[in-house]
Amino acid sequence: MKSLHFLPLLNAAILTDLLVILLLLFGAYQSTALRQWYQKFGLGAMIADVLILVIGVLIAYYLYKWTIGMDKYNLWLFMMYVVAVQLVHDLLFGKLVGVFYRSGSSDIMETFKVYIREKGGWILLADALMMISTVLFEQAFSKMDQTGNILLLIGLVYASPYIVFSA
């Protein structure tokens, strides 16, 4: 991600989330809470997941650009930035859910609490892998032209409800 390409990044985040849902569907990743997340909140859950992947990569991109500079771009170092941003987000989010959430006041927050209890620290690893996957897919999709990325987006968006509502 030597330069920022929004459409390939969006496609990468969507594909990453769809792959996670497929892993959940086929039993390669087991989580009752995550399955409930998609069953209860559907495409809204997917939108939240996709956008946090995009936001995390964008924050890492601008931090990297500000601290190191894109003239010294290194994919491995950039992925460390991405994972660091994700870890800070997950830890702060987990803490805020624990501190400010009143039990029973939000179905979404209740689902997060159940997921945190169910998976604990493994969430950090899973989310790190999702962030890395998003960066790697973005690298691949950035090599495609705009028409290819738009066609990919159409295909991903078309497949999304079929996959999400199968969870």
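List of remarks:
- The range 27-49: number of residues that are within 19 Å of Ile108 (Cβ to Cβ), among the hydrophobic types (A, V, I, L, M, F, W, C) and surrounded by fewer than 22 Cβ atoms within 10 Å (Cβ to Cβ): 6
Conditions (1) touching a residue at least 60 places away in the same chain (Cβ under 8 Å); (2) more than 24 Å from Ile21 (Cα to Cα); (3) more than 15 Å from the chain's Cα centre (by Cα), marked per residue:
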site: Gly94; (1), (2), (3): no, no, yes
site: Ala126; (1), (2), (3): yes, no, no
site: Thr134; (1), (2), (3): yes, no, no
site: Phe141; (1), (2), (3): yes, no, yes
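- Subset of the range 143-167 [among the hydroxyl-bearing types (Ser, Thr, Tyr) and either free of Cβ contacts under 8 Å to residues at least 12 places away in the same chain or touching an Asp or Glu at 6+ places or on another chain (Cβ under 6 Å) (or both)]: Thr147, Tyr158, Tyr162
- Remark: pairs (first residue in the range 107-118, under 17 Å from Lys95 (Cβ atoms); second residue modelled with pLDDT of 80 or more and not in a helix (DSSP H, G or I); Cβ separation under 8 Å; 6+ apart in sequence or on different chains) = Tyr115/Ser31.
- Filter result (among the aromatic types (Phe, Trp, Tyr) and at pLDDT below 95) within the range 77-98: Phe93
- Entry remark, the range 70-88: residues being over 8 Å from Ala60 (Cα atoms) and in contact (Cβ under 8 Å) with a residue 60 or more places away in the chain number 3 in total.
- Checklist (1) surrounded by 14 or more Cβ atoms within 10 Å (Cβ to Cβ); (2) more than 23 Å from Asn11 (Cβ to Cβ) applied to Leu129, failing item: (2)
- Residue in the range 14-26 that is surrounded by fewer than 17 Cβ atoms within 10 Å (Cβ to Cβ) and more than 21 Å from Lys119 (Cα to Cα) present: no
The values are calculated or read from the model by the stated rules, or taken from the named source; none is laboratory data. Keep in mind the model is a prediction, meaning the values are calculated, not measured. Counting neighbours? That spans all protein chains shown, and the Cβs are built from the backbone with ideal geometry, glycine included.
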